[in-house]
Structures are given as structure tokens and as C-alpha cells.
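Values in this text are rule-based calculations from the coordinates and carry no lab data. Just so you know, these numbers come straight off a predicted model, no measurement behind them. As a convention, Cβ positions derive from the backbone with ideal geometry for all residues, glycine included, and neighbour counts pool all protein chains shown.
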Amino acid sequence: MDIRTSRFTMENITAFATNPPGFGGGKGQPSRTYKERRMSHGGTPYEVPTVPARQLKAVLRRGMAEEIIEREGPMDFVEYTRLSVGGVKGSDKAGKAELEEAREFLRRHPEIDLFGGGEVGIGRFVPSKVSIEPAYLDEADLGLLFKAEGVRSHVRDAELELLSEDGLKSAEIYIDANRARAKADAEVKSLKRELRKAQDAVKTGQGQQSAVDELNEQLSAADARLEQAKAVASAAGSDNAIGMPLPPTEYVGAGGRWSSRLSARGISKEQAGLLIRSLQRWADGILNDEGCRLGAYRSQGRGVFSGQMTLEVRDGGFRSVWKDAGRVSFSPAGVEIDGTEIGDWVASWDAWQRPDEKLVTSDT
């Protein structure tokens, strides 16, 4: 059968910051929220904050992995990566040697083709049945895009609120010490660059040794300040996981409305139920993380989302008519299902047994 969303909307109920690999500034540079170019209703191009499709698919796939692990029990790392990301990339020789092992894994886990094999490993011969489009921020909410200047640390505001008065004071001391350490470190690196230039100039007869001697003195003093800043930070409790100051970060303020689309073709009722269970795992929190979170780790915190999918289904091929299947709402509080057909999918998955499980016999 085929399923699709006639409506798939989300809302970030906390600030949302994302900076995927390869996008935004480098080390020490401002982090930009990922955007794609779209056309406004008036025909004018504009850039809109976007949750990449790969992020949406990744959290659902990891949710699937947790769902299967709970049914089967612990598995080794290689099998987990095959479930969660499609395997890990190795050498061509190793890949060929593991090809039969991967095929056997697929035979034992026929439901994995719901999300395909990923971009590496078994992904080369297992296409995905689920297709997800990026989630775009509504044009009316573009005013929620902000830039946080002078971000002071990796710690999130929610974590600071959990600290006691003494703990908060210690955190502030450590943040200030880290700021001083960062400033001293930058000064040392700058002086080293100037010193190398001055030394090269002396070697070519274009510089004075007195300039080199002066820079060496300045560098010694800067090194001393850096060591002192490191000692203060360590004494303040460097193991409290509060990191170095961050550069400015672009983020979408709470209340942003997003829209996406999801579809799955040629899946079984059991796989449709597994898809809903995967969504539920994400809502409950994957790998002990908080539920319904997307985006990068930033001082503003990754975005916490809620949303709703209105699903349609057809089971007679391309010429059959789409019919309403119900709605699924999700939030950090969990998943709510409104629709008998969707409930039947989940029940089918919960009752499903693998082919090798059905072969187990009893003495009775």
C-alpha cells in the first residue's frame, strides 16, 4: 500500500538553531541557520530557514532502530549502525567481504527497507520506501529569525536554571575565566605569527633583530597570562562541562510554524505501524535525549517541536483513490493517534513476527 501526508505541520516550541556540516562559518565564525531559496507568493525569491530532510529522516530511522532493539534485545555495534544509518563506510575490500553478511542481515530484517540502507554500506542496494521533504518555515514567520550576539558558553539557559546559587556562581566564574583564556590564547597565536614574520625578515636582511627580541618578550608575557587563565578555569571546576564562549549564532525564535511532506510507497501495514512507532520513539527521546528535538547543539538549545500529520492511504495501486486514514499528533508529551486505520497499522506491527521467528516450534 501507499501512504502520504495531506498535511504535515510542525511548530518549534523552543528556539531552534541548526548548522549542518558544510554550512555556515568556520571555527570562531558566526553560525548561520540552514536556508534554502524559495519563491514568495508574489514571485520574489527569498531564503527561508529549513530543517533538512536528512535530519527529519535520521530521527525517524534512529527511532526505528530503538524500536527493533527493544524487540530483539542488545545487538553489536555493526548491526546497530546498519539499522540506524545503513552501516559504516569502510574500504572496498572490507565492503566486498561483508556483502554476504549484509545480505543476511537484510534477510533477517526485511522491514529495514522502510528507510533504505542509507548512503553507505547496505544502502547501495536497498532503496528507501519513505520519502521526506525538508520542513520550511512559513513565510509569515520569517520575522522570528534572530542572531544571538556574544553567546557566552555552550551551557543552555535551562541548565543554568538547574544550578544552585553556589553552582551558578561557580559557572559564572568559569565562564569569565574561559573568556580570559580565549583572549589570551588568541593573543599568543597572533604574536607567534608576528614573530615568524619578523624572523623571516631578519633572514632576508629586511628586518631588525631588535624587533624579534621585543616580540619574544611580549610572547613570554602572553604565555604567562594564558597559563594563569588556564589555572583559574581549572580551579573554578573545569569538569562542569561549561565550555568556551561561542560565536554569534542565528536561530529561529519559539513559535515558528513549519511545513513538510512525507510519503511511503509499496509498504506493508506492519511497516506503516513501524513508521508510527518510530515517530513515537523520537517523541519519547532517542538515546536518552529529550523528545522531539531537532537541530544542532547550540547555547540557545536545539529546537523542541510539536506537530501533526494528516495521513492518506491507498491500497489498489496508482489508479486507486486516496482516502483519509487519520491523524497523528506528536510532542514531547508523546504521540496521539486519531484514526482507526492508523491504530490497525500499529497493532499489526506490534503483533508481527519475523519469518525466522515463526519457524520456532514447541514440544506441546
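The label-point distance for H109 and D223, in a model that sets each label 7 Å from Cα toward Cβ, rounds to 5.2 nm.
Fully extending the segment from R71 to Q206 would add 41.2 nm, taking 0.36 nm per residue of separation and subtracting the current Cα-Cα distance. With each label modelled as a point 7 angstrom along the Cα→C-beta vector, the D315-S6 pair spans 1.8 nm.
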